[in-house]
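*Asks:* Pasting a structure below so you can have a look.
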Amino acid sequence: MVNRPRVVIVGAGNFGSALAASLRRAGYKIEAIVAHSGGASLRKAQKLGKEVGAVAGVGLPREVRAEVIWLCVPDGEIAPAARTLAAKIKLKGKTALHSSGALASDELDALRRRGASVASVHPMMTFVRASRPSLAGVPFAIEGDAAAVRVARRIVNDLAGYAHAIRKKDKAAYHAWGAFASPLFTALLATGERVAMAAGVTQKEARRRTIPILLQTLANYASFGAPGAFSGPIVRGDVDTVRRHLRVLAEVRPAHDVYVALAKAALRYLPAKKRGNLANVLRQ
C-alpha cells in the first residue's frame with residue numbers, strides 16, 4: 001500500500017463502479033468520481049463516491065492531485081472526454097487510461113499532447129448493473145506508452161489480475177472474441193429460452209433447468225478444451241436428429257438461423273461424424 005498512485009475515475013457506470021471498489025480494497029486512494037452530467041449520472045457518481053471515500057461531481061477542478069486518470073466511459077465518449085479534460089487540467093507527468101476493448105490508446109491523444117502518458121487497459125470480464133465482480137484473476141489487455149503501461153501493469157497486479165500485452169491492430173478482433181464469450185453467449189441463452197418455450201417450458205423454468213448443463217459444459221471446456229467438451233448429435237453424426245431439430249425450429253425462425261450458423265461452425269471447428277451428410281442437411 002506504499003506509494004500507490006491516487007486515481008480519478010471518469011464515469012460511474014458498471015465497470016467504473018467495479019473498478020473503484022476494487023481499487024479501494026487494494027489500498028488505492030480514489031480522489032474523485034466524475035459524472036458525465038447531472039441527474040442520474042451525478043447521483044450514481046455521488047453514491048459511488050460515498051462508498052469509496054471520493055468527491056463526486058460533474059467535471060474536475062483545474063488542480064487534480066491524482067497521478068492516474070482512468071476513463072470508464074462508452075467508446076464513443078472517450079476521445080471527447082479526453083479533449084474536455086485536456087482543456088481543463090494540468091496533465092504533465094500524469095497517466096491517463098481508458099478501458100475500451102476495441103479502441104487503442106490513441107483515443108487519448110488529446111491528453112498525450114498535453115504531457116500525459118496514455119494506455120488502454122481492458123479487462124476480459126462482464127459488468128452488468130446488478131453485479132459487481134471481483135477483478136482478481138481477470139486478464140487485462142494493455143497497450144500504449146511505455147510509462148503508462150508500467151503503471152497499468154502495477155495496478156493490475158495490485159488488483160490480483162494479470163496483465164498481457166496487445167497490439168493496437170489486434171484490438172478489434174480481441175474485443176469480438178470477448179463478445180462471443182459473454183454478450184453473444186447471453187444472446188444464445190436467450191435464443192435457447194425461446195426454443196424451451198416452444199417445448200412448453202416457461203422462460204423462468206428454462207433458466208433453472210439449463211444451469212446444470214451449462215456449468216458442466218464450462219467445466220468440460222476448462223478441462224478438455226472445445227473438442228473434448230463437444231457432445232450431441234453432430235459429434236455422433238446423427239443426421240436424422242439434426243433434421244428433426246431443423247424441422248421444429250422452422251416455427252422459431254430466428255432460433256433456426258442461429259442453430260444453422262452454429263452447426264456449420266461445429267462442422268468446421270469441432271469433431272463430427274458424417275460431415276458431408278450433415279452439411280447437406282444444413283444447406284437444405
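*Asks:* Length gain on complete extension for the stretch GLU205 to ASP240, per 0.36 nm per residue less the alpha carbon to alpha carbon distance?
*Replies:* 9.8 nm
*Asks:* May I pose another question? For helix 14-25, what angle does its Cα long axis make with the longest principal axis of the chain, in degrees from 0 to 90 and rounded to 10?
*Replies:* The answer is roughly 60 degrees.
*Asks:* Mind listing which GluC sites (Glu not before Pro) in the stretch 1-74 are in a DSSP loop and have 11 or fewer other Cβ atoms within 10 Å?
*Replies:* Passing both the DSSP loop test and the Cβ count: GLU63.
*Asks:* Now for a different question. Show me, for the stretch 206-216, the HN-Hα J-couplings you get by feeding each phi into the Karplus relation (A = 6.51, B = -1.76, C = 1.60, θ = phi - 60°), rounded to Hz, glycine and proline as x.
*Replies:* The phi angles translate into 4, 4, 5, 6, 7, 4, x, 6, 5, 4, 5 Hz.
*Asks:* Stretch GLN216-LYS90 to full length: gain in nm at 0.36 nm per residue minus the Cα-Cα span?
*Replies:* In short, 40.1 nm is gained.
*Asks:* What ranking do VAL64, VAL201, VAL118 get, fewest neighbouring Cβ atoms within 10 angstrom at the top?
*Replies:* Least crowded to most crowded, the residues run VAL201, VAL64, VAL118.
*Asks:* What length, rounded to one decimal in nm, is gained on full extension from LYS50 through to LYS168, with 0.36 nm per residue of separation minus their alpha-carbon distance?
*Replies:* Stretched out fully, the LYS50 to LYS168 stretch lengthens by 38.9 nm.
*Asks:* Each residue of the stretch 227-238 in turn: what ³J(HN,Hα) in whole Hz from Karplus with 6.51, -1.76, 1.60 and θ = phi - 60°, glycine and Pro shown as x?
*Replies:* Going residue by residue, I get x, x, 8, 7, 9, x, x, 6, 5, 7, x, 8 Hz, with x marking Gly and Pro.
*Asks:* Further, regarding this structure: Along the Cα→Cβ direction, 7 angstrom out, place labels at GLU67 and ARG113. What is the inter-label distance in nm?
*Replies:* The modelled label-to-label distance comes out at 2.7 nm.
*Asks:* In addition: Name the long-range amide H neighbours of VAL118: under 5 Å, sequence gap of 5 or more, or other chain; modelled H, no Pro or chain starts.
*Replies:* Answer set, sorted by chain and number: ALA96, ASP145, ALA148.
*Asks:* Amide H to amide H, which residues 5 or more places from ALA56 or on other chains are under 5 Å from it, using H placed in the peptide plane?
*Replies:* Close amide H contacts, sequence-distant or interchain: ILE33.
*Asks:* Let me know the shape class of the stretch 7-171, please: from the alpha-carbon gyration tensor, a ≥ b ≥ c as square roots of the eigenvalues, rounded when a/c is under 1.5, otherwise prolate if a/b is greater than b/c, or oblate.
*Replies:* The shape class here is rounded.
*Asks:* Just to confirm my numbers, what's the Cα centroid distance between the stretch 112-143 and the stretch 10-52 in Å?
*Replies:* Using only Cα atoms to place each centre, the spacing works out to 14 Å.
*Asks:* Read phi for every residue in the stretch 267-280 and hand back ³J(HN,Hα) as whole Hz from Karplus 6.51 cos²θ - 1.76 cosθ + 1.60, θ = phi - 60°, with x for Gly and Pro.
*Replies:* Values, residue by residue: 5, 7, 10, 10, x, 7, 9, 6, 4, x, 5, 5, 4, 5 Hz.
*Asks:* Go ahead and collect, in residue order, the members of the stretch 72-93 whose backbone nitrogen is under 17 Å from a label point 7 Å along the Cα-Cβ direction of ARG129.
*Replies:* 74
*Asks:* What do you get for trypsin sites (Lys or Arg not before Pro) in the stretch 111-203 restricted to DSSP loop and a cutoff of at most 13 other Cβ within 10 Å of the site's Cβ?
*Replies:* Loop-located and lightly packed - ARG129, ARG167.
*Asks:* Give the angle, between 0 and 90 degrees and rounded to the nearest 10, that separates the Cα long axis of helix 75-86 from the longest principal axis of the Cα atoms of the chain.
*Replies:* Rounded to the nearest ten degrees, it is 0.
*Asks:* Shape call for the stretch 182-283 from the C-alpha gyration tensor, a ≥ b ≥ c root eigenvalues: rounded (a/c under 1.5), prolate (a/b greater than b/c) or oblate?
*Replies:* Judged from the Cα gyration tensor, the stretch 182-283 comes out oblate (a/c at least 1.5, b/c at or above a/b).
*Asks:* Among VAL151, VAL7, which comes first, second and so on when ranked by fewest other beta-carbon atoms within 10 Å?
*Replies:* In increasing order of surrounding Cβ atoms, one gets VAL151, VAL7.
*Asks:* For the chain, what's the relative contact order in percent, using C-alpha pairs closer than 8 Å and at least 6 residues apart?
*Replies:* Once divided by the residue count of the chain, the mean separation gives 11 percent.
*Asks:* Might you report the magnitude of the Cβ-based charge dipole of the chain about its Cα centre, with Lys and Arg at +1 and Asp and Glu at -1, to the nearest 20 debye?
*Replies:* 160
*Asks:* State the antiparallel share, in %, of DSSP beta bridges confined to the chain, rounding to the nearest 5.
*Replies:* 15
*Asks:* Now a separate question. Quick one, can you get me the convex hull of the C-alpha atoms of the stretch 1-45 expressed as volume per residue in Å³?
*Replies:* Convex hull volume per residue, Cα atoms: 53 Å³.
Readers should treat all values here as calculations from the given coordinates under stated rules, not as data from a laboratory. Predicted model only: the values in this text are computed from it and were never measured. Cβ coordinates were reconstructed from backbone atoms using ideal geometry, including for glycine residues, and neighbour counts include every protein chain displayed.
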